[in-house]
Amino acid sequence: MTTIAKDTAVTFNYTLKDDEGNILDQSPEGQPLAYLHGHSNIIPGLESQLEGKSAGEKVNAVVEPADGYGEYQEQAVQRVPRENFQGVDDIQPGMQFQSEAGGQVMLVTVTDVNDQEVTVDANHPLAGKRLTFDVEIQEVRAATEDELNHGHVHGAGGVQH
């Protein structure tokens, strides 16, 4: 039986919860997630806890912020002039925009709006949160040469080409 190790293709169902037990995300019914293990395709804290497991196993993985989406960074919250949002008349908290800074594109979430300024947060929405993944491993197989060359799984649950 193949166990999860570097260069294996893994398919799993998951439910992601926060510390209060609220469901934050889950794989759609009948559509497990597929990833290439050892290639940073999923957060490090989950990847490390799946290492050595095999198909049919269930894993309850608790991931601390540092091994998930990072610690919450106060400096990632910025106030920007409202006129930076040309052509967007109705800006509401919760809206997301792409922002470019220093040559890298990032997603920012609007947290507050007034007539002069828009407060945006570049932290990942799950930054600073401890995450609990309930995982059921469906399949573990050796990755194909093509998948290894591309760095991700192809086919159902993976990247479509």
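The values are calculated or read from the model by the stated rules, or taken from the named source; none is laboratory data. Here the structure is a predicted model, which is why all the values come from computation and not from measurement. Here the Cβ positions follow ideal geometry from the backbone for every residue, glycine too, while neighbour counts run over all protein chains shown. Protein only, heavy atoms only, side chains kept; ligands, DNA and RNA dropped before computing areas. Shrake-Rupley method; radii C 1.70, N 1.55, O 1.52, S 1.80 Å.
Remark: region 102-117, residue by residue, has Karplus-estimated 3J(HN,Hα) of x, x, 10, 8, 9, 8, 10, 10, 6, 10, 7, 9, 9, 5, 9, 10 Hz, where x stands for each Gly or Pro and the curve is 6.51 cos²θ - 1.76 cosθ + 1.60 at θ = phi - 60°. The label point for residue 132 and the one for residue 149, both projected 7 Å from the Cα toward the Cβ, are 4.4 nm apart.
Here the 3J(HN,Hα) profile of region 64-74, calculated from phi with Karplus coefficients 6.51, -1.76 and 1.60 at θ = phi - 60°, is 6, x, 4, 9, x, 9, x, 6, 6, 9, 4 Hz, Gly and Pro shown as x. Translational diffusion coefficient of the chain (Stokes-Einstein, Kirkwood radius from Cα pairs, 4 °C, 1.567 mPa s): 73 µm²/s. Helix content alone sets the calculated 222 nm mean residue ellipticity of the chain: runs of n ≥ 4 DSSP H residues at -39500 (n - 2.57) each, divided across all residues, give -2000 deg cm²/dmol. The H on the amide N of residue 118, modeled in the peptide plane, is under 5 Å from the matching H of 80, 82, each at least 5 residues off or on a different chain. Annotation: per residue accessible area for the chain equals 60 Å², rounded to a whole number [probe 1.4 Å, protein chains only]. Quick one: with all protein chains in place, what share of the accessible area of the chain is carbon or sulfur, to the nearest percent (1.4 Å probe)? Its accessible area is 44 percent carbon and sulfur atoms. Accessible area of residue 97 (1.4 Å probe, protein heavy atoms only, ligands and nucleic acids ignored): about 40 Å². The residue 19 and residue 122 beta-carbon pair, evaluated with R₀ = 25 Å, returns a calculated FRET efficiency of approximately 0.60.
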